[in-house]
Amino acid sequence: MFEISVDEMFSAGHALRGYKGKCENPHGHNYKVRVILEGPDLNSIGLLFDFVHLKQIMRAIIEGLDHKFLNDQPPFDKINPSAENLAKYFYEETSRGMKAISAPSALVASVGKTASAGASGLTGKSGPTGISASPGISDNSTDSNKTPRIASVTVWETDFSFAVFRP
């Protein structure tokens, strides 16, 4: 089994609605997002998935979240901006971005946050993540019969506490 991963960071604020304790108050985090793709086979040029394209997808998602108050950003204006919901959001948006560039939509997203700002929202020009296909992308993605699969999503609330989402 092969795996690749890309880490990105961003800062944002949030407040947990319905929570009784410190986290019901507005506060922030520095989030770390890790997306891991896995699959049994490589494509014809020896790649599971191109790191460059995965980074582009992640950065497009983060652009809509960085230095924002999550509770004001869809979908977190309706659902709590918890680590669990953030991980699922990154999973869904990264999947959309991968499909938008004609790539397999299988991934593992790990979102970690540490003290001082959070994440939310997503904007784009060409699709949900703002990623559009460009020449050569499909040449560097996996062949259709070698599609990576989704394994899990992990979100760290602190350096020592985390939640796992398995689709």
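Numbers for the structure displayed
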item	result
Options D50, D72: the member that is among the charged types (D, E, K, R) and farther than 20 Å from V6 by Cα	D72
Within segment 33-52, considering residues that are touching a Phe, Trp or Tyr at 6+ places or on another chain (Cβ under 9 Å) and among the acidic types (D, E), the one surrounded by the fewest Cβ atoms within 10 Å (Cβ to Cβ)	D41
Conditions (1) part of a helix (DSSP H, G or I); (2) in contact with a Lys or Arg (Cβ under 6 Å, 6 or more places away or on another chain): number failed by E93	(2)
Qualifying residue in segment 76-97 (condition: at positive phi and not charged (D, E, K, R))	no
Where a residue in segment 44-63 is touching a residue at least 60 places away in the same chain (Cβ under 8 Å) and small (G, A, S) and its partner, wherever it lies, is surrounded by 22 or more Cβ atoms within 10 Å (Cβ to Cβ) and assigned to a helix (DSSP H, G or I), with Cβ under 7 Å and at least six apart	A60/G97
Some residue of segment 15-37 being part of a loop (DSSP other than H, G, I, E, B) and touching a Cys at 6+ places or on another chain (Cβ under 9 Å)	yes
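Every residue, every condition in (1) over 20 Å from the mean Cα position of the chain (by Cα); (2) within 18 Å of E63 (Cβ to Cβ); (3) modelled with pLDDT of 90 or more, yes or no:
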residue: I4; (1), (2), (3): no, no, no
residue: E8; (1), (2), (3): no, yes, no
residue: G18; (1), (2), (3): yes, no, yes
residue: P26; (1), (2), (3): yes, no, yes
residue: Y31; (1), (2), (3): no, yes, no
residue: L42; (1), (2), (3): yes, no, yes
residue: G46; (1), (2), (3): yes, no, yes
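The values are calculated or read from the model by the stated rules, or taken from the named source; none is laboratory data. Nothing here was measured: the structure is a model prediction, and the numbers come from that model. Don't worry about glycine lacking a Cβ; one is built from the backbone with ideal geometry, like all the others, and counts go over all protein chains shown.
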